[in-house]
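Heads up: the structure comes next, in structure tokens.
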Amino acid sequence: MPRPRLARVPIAALSVLVLATCLALRQVDSLDVGFHLRAGEHVLDGYGWPRMDPFSFAMRDHAYVDTSWGYQVMIAAVQRAAGPAGLVLLHAGLVLGLFVLLGRTALSLGAQAGPTAAVLLLGVLASEPRFAVRPELVSYVLLALLLLLLQRHAAGRHAPLAWLVPLFLLWANVHSLFVLGWGALGCFVVGLAVRDRALDRRLASWSLAGAAATLVNPYGLRGVLFPFTLLSRFDSSNPFRQEIGELVSPFDWAALEGQPFYPWVAVWTFRAFVALASLTALRLLLRRQWYTVLLVLVFAWPAVRMIRNTPLFVVVALPPMALAASALGTRFPRICRAIPTVVGLLALGLACRVSTDAYYVDQRREARTGLGWNRSVFPAEALEHVRRAGISGRPLNHLNFGGWLMWAGETETYVDGRLEVLGEDFYRRYRSAFSSQEAFEAEAARWDARWTIFPYATFPQLLVRLSADERWYLAYVDAVAALFVRAGPDAERLVDPALPTRAPLEPLQLSSLPGFPAGPPRPSRLARFTAGFTARARFPTSDHALGLFHLYRGELPQAATRMVAAIRASGGRYYELYANLGAVLFRMQRWEEAEHCYRVVLADDPGSTLAQQRLGELRRLR
């Protein structure tokens, strides 16, 4: 088989790689990045590998097996040298390297460049929500490298199997998914034995050597066995599985389709990818390519069970899918010739929309293109107020904010996103504390917590309870977080003088809003879509979030003012702003104006049950 050369790679494939790079060049927004940086600095500063948790005052007695320490040291060093831009560029390089490896593997199997580009496009879109500053990216690259090596060996080509030892040595010290590498080795050993009716002793020997190399880690056998303790998350009764979004199945229609916004492009692309991979597996079964069939089946299970595992299936299934698509293309040559043009235009068009953030804003995702911190995710401004005001003592913080407080705040936290450290029992206690007034007070008293910080959009009931509780003072709020301090002699001194609740009210000017009878028309759907190719898309996050903050607290005039400001700032582009303004006006008994809002909602979302119900209620009230 001739060796593929760069000259054979069409512009379509390069366009897909451009799209992958654009999707990877997004601001740092992983809520876990804080604890990864803090753990890496812990090792860099000479404290060694942790055995018990050193970062949380509530989990001091929890064991900490840090299987990602190598990755954490790497990103801590990069952040110290180059800041968040270095982190973004490092991970963008990993994403680009991943899909170059997958394309290289597909071409080495005999796939044609055009169909390979098409399948690469599907793979990029299906896995892009996981293009974050997280250790999984290293695992994806190492898995792709492992499969390239194994596929070459299975095809009878030169493959230095001795590389399995350093590969697994590295993998076991950067991320716990090295155990999936064992699964890939097993698929090839068994599949080749069935195909050749004899055990491939050379592959089996080097596979055992690679598996043995994983014992060389700071925790020894305990570190090797630890990933298997995480299998409990696949159980539907597991509390992590029930409540954490990335652990939901991409085929859980009720959980995903019931949300007004979710990464639908990635989810639907992955569903199509699985359907095509199933046909590919059937073709491979007929051709008795047992090792590839086993590989697809083994890796389909975790990906179908959890949305966070979808890239693993993409890595495994993409090369054989490209080969199958190439075989189909030879039967339909005209379609095959058109594929590169279609793929290239689609990839470049999407890259334009990604670069303007329209791709993310259209799905109401918080991701944004750039090289800095995504400050609409992290409680950065709230932490700055903590420093300015001199707020001290232990925080009773929300899990999502624990990593940032641990690293940027250099403080002990109550809880953070290291689920392997939390354990199910502590997680249940934490959830109970943030869901019940009595449990919250009991937990605050247990740890002598002097302040609390949480995303009020996620826990509006907690915001309502603390706002009405004389034992707590609202000290700060912005679009990301609400911060309360324990009542006491100096509590007033800790309150932000620029609290939105203290801002003077402005008279509502509703008649001139876009989409209202006396106002300008809203941009058409076509105009909104085409603008996303060239103009920066901006969602009025601050006014929208603070409008919800006031709505939750029952401060209706302030909520209406914020929602109106958000609609004006966006030119009336986003219908959910009208839905929230309609909810405020409905409570204020401004029936006619509320009706205008819900009609705008139905114009963009004809299936909105809430808007239909409210319009029915308004007709009866009027």
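Readers should treat all values here as calculations from the given coordinates under stated rules, not as data from a laboratory. Everything numeric in this text was worked out from a predicted model, so none of it was measured. All Cβ positions, even for glycine, are placed from backbone atoms using ideal geometry, and neighbour counts span all protein chains on display.
Summary of values
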quantity	calculated
Cβ-based charge dipole, segment 525-621, positive-most Cα from Ala603, Thr530, Trp591	Thr530
Whole-Hz ³J(HN,Hα) from phi, Karplus 6.51 cos²θ - 1.76 cosθ + 1.60, for segment 596-602, glycine and proline x	4, 4, 6, 5, 5, 4, 5
Stokes-Einstein translational diffusion, segment 14-362 - Kirkwood Rh over all Cα pairs, 1.567 mPa s, 4 °C, in µm²/s	61 µm²/s
In degrees, nearest ten, helix 69-108 long axis to first principal axis of the chain (Cα)	50 degrees
Between segment 39-111 and segment 539-572, the alpha-carbon center distance in angstrom	38 Å
Correct choice for Rg and Dmax of the Cα atoms in Å that was computed from the model, options (i) 26.7, 87; (ii) 24.3, 79; (iii) 26.6, 83	(iii)
Dipole magnitude (debye, nearest 20) for the chain, charges at Cβ of Lys, Arg, Asp, Glu	2540 debye
Placed amide H near Arg26: partners under 5 Å, 5+ positions off or other chain	Gly370
Protection-proxy order for peptides 295-303, 16-24, 437-445, each taking the mean of Cβ atoms within 10 Å per residue, highest first	16-24, 295-303, 437-445
Cβ-placed point charges (K, R +1; D, E -1), dipole of segment 14-362 about Cα centre in debye, nearest 20	1420 debye
Folded to 0 to 90 degrees: helix 178-196 orientation relative to the chain principal axis, Cα	30 degrees
Alpha-carbon spread of segment 268-390, three principal axes, descending order, Å	70, 34, 20
Global form of segment 255-322, assessed from the alpha-carbon gyration tensor, a/c cut-off 1.5	prolate
Crossing angle, helix 201-213 versus the chain [Cα axis fit, 0-90 degrees, rounded to tens]	40 degrees
In Hz, Karplus ³J(HN,Hα) per residue of segment 151-165 (6.51, -1.76, 1.60; θ = phi - 60°; x = Gly, Pro)	5, 5, 5, 5, 7, x, 9, 4, 9, x, 5, 4, 5, 4, 5
Charged-residue dipole, Cβ positions (Lys, Arg, Asp, Glu), segment 525-621 about Cα centre, Debye nearest 20	180 debye
Net charge, Gln509 excluded, C-beta distance under 14 Å - Lys, Arg +1, Asp, Glu -1	+1
Hz values of 3J(HN,Hα) by residue in segment 216-223 - Karplus curve (6.51, -1.76, 1.60), Gly and Pro given as x	7, 8, x, 10, x, 4, 4, x
Between segment 245-312 and segment 573-622, the Cα center-to-center distance that results, in Å	38 Å
Residue-count net charge about Ala479 - beta-carbon cut-off 11 Å; Lys, Arg +1, Asp, Glu -1	-2
Highest-first arrangement of 267-278, 577-588, where packing means the average Cβ count within 10 Å	577-588, 267-278
Rounded, prolate or oblate (a/c below 1.5 giving rounded, otherwise prolate when a/b exceeds b/c) for segment 525-621 by Cα gyration tensor	oblate
Local electrostatic count, Trp290, Cβ distance below 15 Å [Lys/Arg +1, Asp/Glu -1]	+3
Peptide ranges 190-201, 396-407, 95-106, 345-356 listed from the most packed, as the mean C-beta count within 10 angstrom indicates	396-407, 95-106, 345-356, 190-201
Rounded to 5, percent antiparallel among DSSP beta bridges of segment 380-499	70 percent
